[in-house]
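A.B. asks: Structure provided below as structure tokens; questions to follow.
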Amino acid sequence: MTRYLVVANQTLGAEHLLDRVRDCARAGPCRFYLVVPATHPMGAWTEGAVRSDAQRRLDEGLARFRALGVEVDGEVGDTSPVLAVKDAMLAHTFDAIIVSTLPPGVSRWLKQDLPHRLERASGLPVTHVTGALENA
């Protein structure tokens, strides 16, 4: 069974990511683990509001993945997506990582070169998918 770590925030429920999950499920038995980094959006937010928003996204993401018929679990992670992934990898074993970002020019994660940084830090293959904000 292939174990995928999915890292997403604002695009967690977007169709481009769900399409990738469907592709993985068609390829063979798999399970997913969602990490939603509690990253601060632009503007002034409190830590509590940021974590609450990330938890809402995680809950909605878990529901969407389960509606596809796949096994899924997840957590709200560190504000740094790299640290959030490292923390998840301490507790779980994965075969591959899927990173979902906003498009270039908009995505802070792409400006930080997140897909390549995760590949180097984890030693795992990283698939990067790009899409629009979720509709939630």
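A.B. asks: Okay, helix-only estimate at 222 nm for the chain: each DSSP H run of n ≥ 4 adds -39500 (n - 2.57), divide by all residues, round to 500 deg cm²/dmol; what do you get?
C.D. replies: One gets -13000 deg cm²/dmol as the mean residue ellipticity at 222 nm.
A.B. asks: While we're looking at this one, here's another question. By how many degrees, between 0 and 90 and to the nearest 10, does the Cα long axis of helix 15-27 differ from the longest principal axis of the chain?
C.D. replies: It works out to around 20 degrees.
A.B. asks: Tally Lys/Arg at +1 and Asp/Glu at -1 over every other residue whose Cβ is under 9 Å from the Cβ of Val70; what's the total?
C.D. replies: With Lys, Arg at +1 and Asp, Glu at -1, the neighbours total +2.
A.B. asks: How large is Rg over Rh for the chain, taking Rg from the Cα atoms and Rh as the Kirkwood inverse mean of 1/r across Cα pairs?
C.D. replies: Numbers: Rg = 13.7 Å, Rh = 14.7 Å.
Rounded to two decimals, Rg over Rh is 0.93.
A.B. asks: Moving on to the next point. Starting from the Cα of Met1, move 7 Å in the Cα-to-Cβ direction to define the label point; list residues of the stretch 60-81 whose amide nitrogen is under 13 Å from there.
C.D. replies: Flagged as within label range: 70-73.
A.B. asks: Between Leu124 and Ser52, what is the spin-label point distance in nm, taking each point 7 Å from the Cα along the Cα→C-beta axis?
C.D. replies: 3.1 nm
A.B. asks: What is the spin-label model distance, in nm, from Glu71 to His92 if the labels are put 7 Å beyond Cα along the C-beta direction?
C.D. replies: For Glu71 paired with His92, the spin-label model returns 1.1 nm.
Values quoted throughout were computed directly from the atomic coordinates according to the rules given, and no laboratory measurement underlies them. Predicted, not measured: the structure shown is a model, and the values here were computed from it. Counting neighbours? That spans all protein chains shown, and the Cβs are built from the backbone with ideal geometry, glycine included.
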